[in-house]
């Protein structure tokens, strides 16, 4: 919120964090599937669209637990945050909507 306030002062426009509902709407990109890349029950496409915890980075991040005790079968070099735009966008062209860093919203 401090950054949004600073940016608003700097540029003379109003910036704010989205509400959770606004964020969800933008992240989904108009889809009705479980994830914005499809239903994908085995999470294989997650690695193309989000910086998720891949198995090869377990030691780097120092944990051994993730979804059902396993990480994703990804092979990206990002154990923590990734540079902007490294993963595929949703249907509306928005990138980095899931994973990578926390999704900060204005409401709890």
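Brief remarks on what is shown
- FRET efficiency for residue 17 and residue 73, using Cβ-Cβ distance with R0 set to 25 Å, rounded to 0.05: 0.15
- Estimated [θ] at 222 nm from DSSP helical runs (n ≥ 4, -39500 (n - 2.57)) normalised by residues in the chain, nearest 500: -6000 deg cm²/dmol
- Annotation for the range 67-108 versus the range 34-52: alpha-carbon center distance of 10 Å.
- Residue-span extension gain [residue 106 to residue 84] - 0.36 nm each, minus C-alpha spacing: 5.7 nm
- Cα-based helix-to-principal-axis angle, 2-11 vs the chain, degrees rounded to 10: 50 degrees
- Extent along principal axes [Cα atoms of the chain; Å; largest to smallest]: 45, 33, 26
- Mean projection of the Cα convex hull over all viewing directions, computed for the range 1-52: 5.0 nm².
We did not get these values from a lab; they are worked out from the coordinates using the rules stated. None of these values were measured; they are calculated from a predicted model. Methodologically, a virtual Cβ is constructed for each residue, glycine included, from the backbone with ideal geometry; neighbour enumeration extends over all protein chains shown.
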